[in-house]
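The values are calculated or read from the model by the stated rules, or taken from the named source; none is laboratory data. A quick note: this is a predicted structure, and the numbers were derived from the prediction, not measured. Virtual Cβ from ideal backbone geometry, glycine too; neighbours counted across all protein chains shown. Only protein heavy atoms, including side chains, enter the accessible area calculation; ligands, DNA and RNA are left aside. Shrake-Rupley method; radii C 1.70, N 1.55, O 1.52, S 1.80 Å.
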Amino acid sequence: MRYRTLGGLPVSAIGLGAMPLSLEGRPDEKRALATVHAALDAGVTLLDTADSYHLPGAEPGHNERLLARALATYGGDTSGVLVATKGGRGRPAGGDWTVNGSPRHLKAAAEASRKRLGVEAIGLYQLHKPDPAVPFEESVGALRELLDAGTIRLAGVSNADADRIRRAREILGDRLVSVQNRYSPAVRSSEPELRLCAELGLAFLPWSPLGGLARSSLDGPSRTEGADRFAAFHAVAAERGVSPQRVGLAWLLARSPAVVPIPGASRPETARDSAAAADLLLGEEEQARLDEAAEPDPITLDPGR
């Protein structure tokens, strides 16, 4: 496993997005715990979650409690693991994603997340999405208060454009350490935000980093969302004898040293395959082929999950 830097801390170059372990179609708890343990065995030290990762209408925090159990039951050393969670979204009955960025809500949500994770302070806490009904500075101000109170150690923002990232930096200074936006071979609308993160020394955590590639090619022939467009990823994968997903993650890592992808997984095999991307170094010719296949599209910043 190779490592990158997040807020001055070394983290695995590939993280684990735990969301699939708690939403619709989630695995049973035994397999969910095995998936997290497989990622840890593979050297993953960044686990991504949120209080809103649960079934619609259910009690918030299912995913956070699951990660807490996974870490408590893991037989190895977890002292270097950074758990990143988010607040400011909800999933009421019906399945819609809501947003609440009021300072009062964020401070209460962070405290509830801290208790579910069973920690003295949350390692990384991120504003899940800007709330159009609340001034952005007020939401980020709540993160500053949480930092000052010691409820959280580091702060980040998610689904934020470049202007909001700069405004968050003005409020939080170097305690702003991460930006979590959608970014993948299929969706590259956050290129400006990625460049800004590299400039400011922030970690850029792409969510849904495998967009455009098959969900899984480990069980048989792989499929793509637009086979012709992303055929190069499958061709390089075949040449290397690895999955297209591994190639896609290696491509993301090569985009910038600020990038730390957080691919989701619901099976141990998938978690191990994603983690192995950290050690897949692409050649210049391979990188050029993949860059051409993943030309930026006009999709605007995704509203986020």
### Query
Quick one: which of Ala39, Ala72, Ala34 is part of a helix (DSSP H, G or I), within 21 Å of Ala277 (Cβ to Cβ) and more than 17 Å from the chain's Cα centre (by Cα)?
Ala34
## Note on the structure
Residues in the range 112-134 that are out of contact with any helix residue (DSSP H, G or I) (no Cβ under 9 Å at 6 or more places or on another chain), open to solvent by 10 Å² or more (accessible area, probe 1.4 Å) and under 15 Å from Gly101 (Cα atoms) total 3
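Quick one: in the range 36-73, of everything that is among the acidic types (Asp, Glu) and touching a residue at least 60 places away in the same chain (Cβ under 8 Å), which residue is surrounded by the fewest Cβ atoms within 10 Å (Cβ to Cβ)?
If we filter the range 36-73 for residues that are among the acidic types (Asp, Glu), which is where we start, we get 41, 48, 51, 59, 64.
With the extra rule that they be touching a residue at least 60 places away in the same chain (Cβ under 8 Å), the set shrinks to 41, 48, 51.
Values: Asp41: 15, Asp48: 27, Asp51: 24.
Only one residue fits best here, namely Asp41.
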### Query
Tell me, which strands (runs of 3 or more DSSP E) lie completely within the range 89-205 with 1 or more residues that are farther than 20 Å from Thr5 by Cβ?
122-127
### Query
Residues Leu172, Leu202, Leu196, Leu176: which one is out of contact with any helix residue (DSSP H, G or I) (no Cβ under 7 Å at 6 or more places or on another chain) and over 27 Å from Ala235 (Cα atoms)?
Leu202
### Message
Out of everything in the range 200-224 that is over 26 Å from Val179 (Cα atoms) and open to solvent by 50 Å² or more (accessible area, probe 1.4 Å), what residue ends up being modelled with the highest pLDDT?
### Response
Arg223
### Task
Identify, from the list Gly90, Gly76, Gly101, Gly94, the residue that is under 21 Å from Glu24 (Cα atoms) and open to solvent by less than 60 Å² (accessible area, probe 1.4 Å).
Gly90
### Task
Identify, from the list Gly248, Gly264, the residue that is under 30 Å from Pro130 (Cα atoms), modelled with pLDDT of 95 or more, touching a strand residue (DSSP E or B) at 6+ places or on another chain (Cβ under 6 Å) and not aliphatic (A, V, I, L, M).
Gly264
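Please go through the range 135-149 and give me each residue that is in contact (Cβ under 8 Å) with a residue 12 or more places away in the chain and either hydroxyl-bearing (Ser, Thr, Tyr) or open to solvent by 40 Å² or more (accessible area, probe 1.4 Å) (or both), ordered by number. Reasoning before the result, please.
Applying the first criterion (in contact (Cβ under 8 Å) with a residue 12 or more places away in the chain) to the range 135-149 yields 136-147.
Passing the criteria: Glu137, Glu138, Ser139, Arg144, Glu145.
Taking the criterion of being over 23 Å from Arg89 (Cβ atoms), of a type in the set (Asp, Glu) and surrounded by fewer than 24 Cβ atoms within 10 Å (Cβ to Cβ), would at least one residue in the range 20-29 satisfy it? Spell out the reasoning first.
Initial filter on the range 20-29 (over 23 Å from Arg89 (Cβ atoms)): 28-29.
In the following step, the residues that additionally are of a type in the set (Asp, Glu) were identified as 28-29.
Subsequent filtering for residues that are surrounded by fewer than 24 Cβ atoms within 10 Å (Cβ to Cβ) retains 28-29.
For the range 20-29, residues over 23 Å from Arg89 (Cβ atoms), of a type in the set (Asp, Glu) and surrounded by fewer than 24 Cβ atoms within 10 Å (Cβ to Cβ): present.
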### Task
Please identify the pairs in which a residue from the range 98-123 that is in contact (Cβ under 8 Å) with a residue 60 or more places away in the chain has its Cβ atom under 8 Å from the Cβ atom of a residue that is open to solvent by 30 Å² or more (accessible area, probe 1.4 Å) and assigned to a loop (DSSP other than H, G, I, E, B), counting only partners at least 6 apart or on another chain.
Ala112/Pro60
